[in-house]
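The values are calculated or read from the model by the stated rules, or taken from the named source; none is laboratory data. Because the structure is a prediction, the values reported are computed rather than measured. So basically every Cβ, Gly included, is an ideal-geometry build from the backbone, and we count neighbours across all protein chains shown.
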Amino acid sequence: MGTAFLQGLGVGAGLIAAIGAQNAFVLAQGVRKNHHLVIALICIGCDVVLISAGVGGFGRLVAISPGLTLWMTRLGAAFLVVYGFLSLRSALQGAGLAVSEHPPLSRKAAVCTTLAVTLLNPHVYLDTVVLLGSVSSGLHEASRWFFWSGAVCASALWFLSLSLGGQMLAPLFTNPRSWRVLDTLVCAVMWSIAWSLWRSTGGLE
């Protein structure tokens, strides 16, 4: 159970921490304290719904076709290998979150923008529904929901950290060196979990 929770926490953190428009927006509003808590809660809520759809939906799907578990687990491992490679490439190239200056947003504008940068990004569905669903499909029912809780915790910790600690974290996340370290760690976590998933399917036999 604990292993499943840590897997969910590791995979979820690696996916959510990837540099993108959503993280840049949350951090920027956290720095300015512009509806930052509302924005963080919206991001977390969206992740909870999408992660639940992935973990729960894929769980029911593999229950209908037991042979699908093997291939979905291997597909999840393949996704993690590719994602780890992209993180490694990002670490080699170097990047940072640019927190530009803009006028404060109204609450309505903040909510609409948060939903847009979250739900209009096709990668969010690939990450939460497809990838997390694929990785969790090889777990037993109870373990699958420990995995879910780990992924949800990763989302909550990340967005609350960006939002509530925005002013303190901004110098760190705008420094390309910090992102090189983070991307390297993400790569290591992704590849280690991919290795364990591949072994669990008998891929090395």
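Collect the residues in the range 108-135 that are more than 23 Å from His35 (Cβ to Cβ) and either surrounded by 14 or more Cβ atoms within 10 Å (Cβ to Cβ) or modelled with pLDDT of 85 or more (or both), keeping them in residue-number order. Tyr125, Leu126, Asp127, Thr128, Val129, Val130, Leu131, Leu132, Gly133, Ser134, Val135 - these are the residues of the range 108-135 that are more than 23 Å from His35 (Cβ to Cβ) and either surrounded by 14 or more Cβ atoms within 10 Å (Cβ to Cβ) or modelled with pLDDT of 85 or more (or both). With a requirement of 1 or more residues that are over 22 Å from Val152 (Cα atoms) and modelled with pLDDT under 85, the helices (runs of 4 or more DSSP H) lying completely within the range 1-100 that satisfy it span 21-32, 36-64, 67-93.
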